[in-house]
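*Asks:* I have a structure here, written as structure tokens, and I will follow up with some questions on it.
Quick note: the coordinates plus some simple rules give every number you see, no bench work behind them. Predicted model only: the values in this text are computed from it and were never measured.
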């Protein structure tokens, strides 16, 4: 009987050691897979941040074109400018600049 107990104990010891070794290997693989997943996540975040960092800036908003000036309002503006020139409020250079702006807005 003593021999039988030893055989059972030896079998239990071998089985227990094998179980512990298998479990330890499985835990190691799980930890390694988790680390690999974390590394992949961090690399994806870095790539996304770099893509955002090097993305071209959005184009500036375009200003709407000024509404077309009618002939009547142009004439009114030019006569007003002439009155200001005659009154001495504007110099001839200022008058010429404003007149050019009005005529170009056509």
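*Asks:* Find the eigenvalues of the gyration tensor of the Cα atoms of the stretch 1-56, then list the square roots of 5 times those eigenvalues as equivalent ellipsoid semi-axes, largest first, in whole angstrom.
*Replies:* On the way: eigenvalues 581, 3, 3 Å².
Over the Cα atoms of the stretch 1-56, the semi-axes work out to 54, 4, 4 Å.
*Asks:* Moving on to the next point. Specify the angular offset, from 0 to 90 degrees and rounded to the nearest 10, of the alpha carbon long axis of helix 71-87 from the longest principal axis of the alpha carbons in the chain.
*Replies:* Approximately 60 degrees, to the nearest 10.
*Asks:* For the chain, find the longest principal axis of its Cα atoms and tell me its angle to the long axis of helix 2-53, 0 to 90°, nearest 10.
*Replies:* 10 degrees
*Asks:* Quick check: the distance between the Cα centres of the stretch 23-54 and the stretch 79-106, to the nearest angstrom?
*Replies:* One Cα centre to the other: 70 Å.
*Asks:* Relative to the longest principal Cα axis of the chain, at what angle does helix 92-104 sit, 0 to 90 degrees, rounded to 10?
*Replies:* For 92-104 against the chain, the angle is about 60 degrees.
*Asks:* Another question about this same structure. In vacuum, with every alpha carbon of the chain counted as one equal point scatterer, what does the Debye formula give for log10 I(q)/I(0) at q = 0.14, 0.18, 0.19 Å⁻¹? Two decimals, please.
*Replies:* Relative scattering, expressed as log10 I(q)/I(0), comes to -0.83, -0.98, -1.02.
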